[in-house]
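Beneath this line is the structure, given in structure tokens, with notes to follow.
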Amino acid sequence: MDLKLNIDAGEYLPLREVVFHSLREAILTGQLQPGERLMEIQIAEKLGVSRTPVREAIRKLEIEGLAVMVPRKGAEVAKITKKQLRDVLEVRKAMEELAVQLACRRISKEAVKELEEAHLEVKKMAMDMNLTALVKADVRFHEIIYNAADNERLLQILNNLKQQMYRYRLEYLKNKKNHELIIKEHADILEALQTLDMDHATSAIRQHISNQENGVIALLEQTENQNE
């Protein structure tokens, strides 16, 4: 377990928050795998802290759905299940359809330019085979659309789903076969927003998220078959 504490020198954070962010980052990047036990003593020793902030951090991870308590075993990294995936992506799909519809009415020329640049960044990271940067670029592409929708409540809902959506993005983009598809889908969404075509934008974002759902479900089913 090679965990590192990332502290922003310009901002004070309680130790429990530093530990929480370190563990969450390790989970989201796959450093801590689904089903892996979160052993308080081991984590505390690795991070050079007491068990108290580790225990508090694990509780926060439970609230975010990134950790679960297993009877007689303790805490472990939450596994990605088909039910959880569908629950999150059903909400994401509905919210992102609304976001592109609102963006078609409200997007500025500057935001369209940002989206074009974000699209190019996704293509570059896919060609460089830089998975972490590719996921980050994909997040940026979608966040530009969220902001262009100019609806604070919608943005709040999407931000609440951000961490779980990140996990699914990461799993989906681990498969290099999906890189070409995501570039094509982003180009389709971009074109719809450039032309302010609401119907095109809605269908494009719906297909984009459905493909991610199907891709991750296929991966989960493959893993289930291997474990049988």
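Note down the relative contact order for region 37-116 as a percent, whole number, built from C-alpha pairs under 8 angstrom at least six residues apart.
21 percent
Just how large is the dipole of the chain about the Cα centre, in debye to the nearest 20, putting +1 at every Lys and Arg Cβ and -1 at every Asp and Glu Cβ? Write down the numbers at each step before the final one.
Details: 34 positive and 37 negative charges, 133 e Å.
With only Lys, Arg, Asp and Glu charged at Cβ, the dipole is about 640 debye.
If amide hydrogens are placed 1.01 Å from N in the peptide plane, which non-local residues have theirs closer than 5 Å to the one on residue 67?
Here the answer is 62, 78, since their amide H atoms fall under 5 Å of that of residue 67.
Compare the Cα positions of 77, 129, 22 along the charge dipole of region 1-136 (+1 at Cβ of Lys, Arg; -1 at Cβ of Asp, Glu; about the Cα centre) and return the one farthest towards the positive end.
Of the options given, the answer is 77.
Given a Förster distance of 45 angstrom, what is the FRET efficiency for residue 211 paired with residue 55, based on the Cβ-Cβ distance and rounded to 0.05? Working shown, then result.
Details: r = 39 Å, r/R0 = 0.88.
My answer for the efficiency is 0.70.
Within the P(r) computed for region 12-74, what percentage of the Cα pairs occupies the region above 13 Å?
Distances greater than 13 Å cover 60 percent of the Cα pairs.
Just to confirm the number: angle between the C-alpha axis of helix 177-194 and the first principal axis of the chain, 0 to 90 degrees, nearest 10?
Orientation of helix 177-194: about 50 degrees from the principal axis.
For residue 140, tell me the accessible area in Å² from a 1.4 Å probe, rounded to the nearest 10.
The accessible area of residue 140 comes to roughly 100 Å².
What does the accessible area of residue 150 come to, in Å² to the nearest 10, when a probe of 1.4 Å is used?
110 Å²
Quick check for you: with a 1.4 Å probe and neighbouring chains kept, what is the accessible area per residue of region 26-146, in Å²?
So region 26-146 comes to 52 Å² accessible per residue, rounded to a whole number.
With unit charges on the beta carbons (Lys and Arg positive, Asp and Glu negative) and the dipole taken about the Cα centre of region 57-164, which residue among 98, 163, 149 sits farthest to the positive side?
Positive-end residue among those listed: 163.
Send over the semi-axes of region 186-228's equivalent ellipsoid, whole angstrom and largest first, taken as the square roots of 5 times the C-alpha gyration tensor eigenvalues.
33, 8, 4
Evaluate the Kirkwood expression for the hydrodynamic radius of region 5-137, namely the inverse of the mean inverse distance over all pairs of different C-alpha atoms, and round to one decimal in Å.
One over the average 1/r among Cα pairs gives 17.8 Å for region 5-137.
Could you estimate the translational diffusion coefficient of region 153-228 from the Stokes-Einstein equation, with Rh from the Kirkwood formula over C-alpha pairs, at 37 °C and 0.692 mPa s, in whole µm²/s?
It comes out at roughly 235 µm²/s.
Express in Å², to the nearest 10, the accessible area of residue 114 obtained by rolling a 1.4 Å probe over the protein heavy atoms while all chains stay in place.
70 Å²
With a 1.4 Å probe and all protein chains kept in place, how do 56, 45 rank by accessible area, largest first? Working shown, then result.
Numbers: 56 65, 45 140 Å².
The residues order as 45, 56, largest area first.
Take every Cα-Cα pair in the chain and report what % of them are more than 23 Å apart.
Every Cα pair in the chain considered, those over 23 Å come to 53 percent.
Expressed as an acute angle from 0 to 90° and rounded to the nearest 10, what is the orientation of the C-alpha long axis of helix 109-128 relative to the principal long axis of the chain?
Tilt of helix 109-128: around 60 degrees.
Counting alpha carbon pairs within less than 8 Å and at least 6 residues apart, what relative contact order, in whole percent, applies to region 59-212? Please report the intermediate quantities before stating the final value.
Details: 145 pairs, mean separation 48.0, N = 154.
It rounds to 31 percent for region 59-212.
Ignoring ligands, DNA and RNA, what percent of the accessible area of the chain is carbon or sulfur (1.4 Å)? Walk me through the numbers before you get to the answer.
Working: 6100 of 12620 Å².
That fraction is 48 percent.
Once you order the gyration tensor axes a ≥ b ≥ c over the Cα atoms, which shape class does region 45-90 get: rounded for a/c under 1.5, otherwise prolate or oblate by comparing a/b with b/c?
Because a/c hits 1.5 or more and a/b exceeds b/c, region 45-90 counts as prolate.
Could you tell me how many degrees, from 0 to 90 and to the nearest 10, lie between the Cα long axis of helix 162-173 and the main elongation axis, the longest principal axis, of the Cα atoms of the chain?
80 degrees
Would you work out which of 223, 61, 43 lies farthest towards the positive end of the dipole of the chain, given +1 charges on the beta-carbon of Lys and Arg and -1 on that of Asp and Glu, about the Cα centre?
Comparing the listed Cα positions along the dipole, 43 ranks first.
So, how do all the Cα-to-Cα distances of region 63-180 break down into 5 Å bins, in percent, from 0 on up?
Spelled out bin by bin, region 63-180 gives 2, 10, 18, 18, 20, 16, 9, 4, 2, 1, 0, 0 percent.
The values are calculated or read from the model by the stated rules, or taken from the named source; none is laboratory data. Remember, it's a predicted structure, so these values are computed and weren't measured experimentally. When we count neighbours, we look across all protein chains shown, and the Cβ atoms used for this are built from the backbone with ideal geometry, even at glycine. Keep in mind that these areas ignore ligands, DNA and RNA; they rest on the heavy atoms of the full protein, side chains included. Shrake-Rupley method; radii C 1.70, N 1.55, O 1.52, S 1.80 Å.
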